[in-house]
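A short worksheet on the structure shown next.
The values are calculated or read from the model by the stated rules, or taken from the named source; none is laboratory data. Remember, it's a predicted structure, so these values are computed and weren't measured experimentally. So basically every Cβ, Gly included, is an ideal-geometry build from the backbone, and we count neighbours across all protein chains shown. Only protein heavy atoms, including side chains, enter the accessible area calculation; ligands, DNA and RNA are left aside. Shrake-Rupley method; radii C 1.70, N 1.55, O 1.52, S 1.80 Å.
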Amino acid sequence: MDVPLWLTLIVVGWLGVKLVRPPWWLIAVLLLGGFLLADSVFAPLIDSAVK
């Protein structure tokens, strides 16, 4: 069974918000920070650390 990555991320994110109940500002900071880091000079470093 092949599940798309975007669907998996949505389900895991939804479950995390429902079960852990983090504040909405923390969710916004994590999303914005991840978006900004993906387009920064640190992106190759993060990519090599993840692989």
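Of the solvent-accessible surface of the chain, computed with a 1.4 Å probe over protein heavy atoms with every protein chain present, carbon and sulfur atoms account for 78 percent. Screening the chain for whole DSSP H helices of 15 Å or more along their axis (Cα) with average Kyte-Doolittle hydropathy at least 0.0 returns 5-20, 24-38. Over the chain, accessible surface divided per residue gives 96 Å², non-protein components excluded, 1.4 Å probe. With the simple model of a label 7 Å out from the Cα in the direction of the Cβ, L45 to R21 spans 3.7 nm. FRET efficiency for the A38 to T8 pair, using the beta carbon distance and R₀ = 25 Å, is estimated at 0.90.
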